[in-house]
Amino acid sequence: MTRDFENTVSEVSRVTQEYTYPIVKLDEKSLPDLVASCIFLRINSSIYLTTAAHVIRSSKIKLYTRGNAKLVNVSGHTTISRSEGTDHFDIAAMKVDDAFVNDNGIKIVPHTMYVTNTEVSNPHSRAICGYPVSMNKQIKSVDQETNTFTAKIYTYLGFAEFDGNYAEFNKSPDTHIGIEFIHGKDDRGRFMSTPPSPRGMSGGGAWLVPDLSKPNLVFLEGTFIEAHKRSKMMYGFSTKIEHVINFIKNTHS
């Protein structure tokens, strides 16, 4: 890995991680346990926490996210996508008020970063960003002596071209964005024969990197919803941002 490429990866990670937040629940001992990821969007005049619908369905208790220097309870009117079978849309949106965002220093993804507001041809790369559960196990994340919770955030970078078969995973290129991950090096330069499981990154952003020579110029393409492992290859899927926006507009009056 060359120094220039390391700097590129570092900058893409910095930008995408700036807008990505953890979703945390408290266990039976009131200890924090990371379950997923999320981003915040402003649609029209309202602000929404967006994540994957399966995250909300599986969490029947209070949810928390990162504030300025502590975990803060996040709540509000929430809508989730539904299907008679498997929900391949998999989007949830929770309306939060401006005071919550301002008081806790939440960074909203600006409209200028939506891929729908730009034209891109022959992009170099794609990325997903979030908090993988495998890297945030409670036993290592919680320090009961100091009453602190530390969450590690990761950005997975892959080629823009997707060679997988959407139909094999019951996905559609009209609704979803595919991304492939193979062996490579992590941010410490360690070789990894298989990418770490991205479970827990559901609800984080899916980002387009048009030009690796301009790593600070990235665009939000969608919301990451799931991944599938085939041999040493990982296939990830996200719901396109235009569908996320339309879902919010149609389900929140």
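The values are calculated or read from the model by the stated rules, or taken from the named source; none is laboratory data. Computed from a predicted structure; not experimentally measured. Note: ideal-geometry Cβ built from the backbone for every residue, glycine included; neighbour counts use all protein chains shown. In case anyone asks, the SASA skips ligands and DNA or RNA and just uses the protein heavy atoms, side chains included. Shrake-Rupley method; radii C 1.70, N 1.55, O 1.52, S 1.80 Å.
Somewhere in region 226-247, is a residue open to solvent by 10 Å² or more (accessible area, probe 1.4 Å), more than 18 Å from the chain's Cα centre (by Cα) and at pLDDT 90 or above? Checked against the condition, which is being open to solvent by 10 Å² or more (accessible area, probe 1.4 Å), more than 18 Å from the chain's Cα centre (by Cα) and at pLDDT 90 or above, region 226-247 yields at least one hit.
What's the total number of residues in region 76-94 that are open to solvent by less than 80 Å² (accessible area, probe 1.4 Å) and on the phi < 0 side of the Ramachandran plot? Show your work before the answer.
Quick first cut of region 76-94, residues open to solvent by less than 80 Å² (accessible area, probe 1.4 Å) only: 76, 78-81, 83, 85, 87-94.
Now narrow it down to the ones that are on the phi < 0 side of the Ramachandran plot: 78-81, 83, 85, 87-89, 91-94.
Residues that pass the stated criteria total 13.
If you go through region 7-45 and keep only what is closer than 27 Å to Val209 by Cα and either of a type in the set (S, T, N, Q) or open to solvent by 60 Å² or more (accessible area, probe 1.4 Å) (or both), you end up with Asn7, Thr8, Ser10, Ser13, Arg14, Thr16, Gln17, Glu18, Thr20, Ser37, Arg42, Asn44. Cβ separations smaller than 7 Å between residues 6+ apart or across chains give the following pairs from region 57-78 residues that are among the polar types (S, T, N, Q) to residues that are assigned to a loop (DSSP other than H, G, I, E, B) and open to solvent by 80 Å² or more (accessible area, probe 1.4 Å): Asn73/Lys62. The number of residues in region 117-157 being in contact (Cβ under 8 Å) with a residue 24 or more places away in the chain, closer than 30 Å to Glu28 by Cα and assigned to a loop (DSSP other than H, G, I, E, B) comes to 6. In the condition set (1) open to solvent by less than 50 Å² (accessible area, probe 1.4 Å); (2) at pLDDT below 90; (3) in a strand (DSSP E or B), Pro198 is compliant with all but (3). Apart from one condition, Thr112 fits all of (1) assigned to a loop (DSSP other than H, G, I, E, B); (2) open to solvent by 50 Å² or more (accessible area, probe 1.4 Å); (3) farther than 19 Å from Ala69 by Cβ; the exception is (1).
So, of the residues in region 230-253 that are in a strand (DSSP E or B) and in contact with a strand residue (DSSP E or B) (Cβ under 8 Å, 6 or more places away or on another chain), which turns out to be farthest from Gly204 (Cα to Cα)? Only one residue fits best here, namely Met233.
Among the residues of region 96-103, are any part of a strand (DSSP E or B) and at pLDDT 95 or above?
Within region 96-103, the first condition is being part of a strand (DSSP E or B), and the residues that meet it are 96.
Add one more test, that the residue is at pLDDT 95 or above, and what stays is 96.
Yes: region 96-103 contains one or more residues that are part of a strand (DSSP E or B) and at pLDDT 95 or above.
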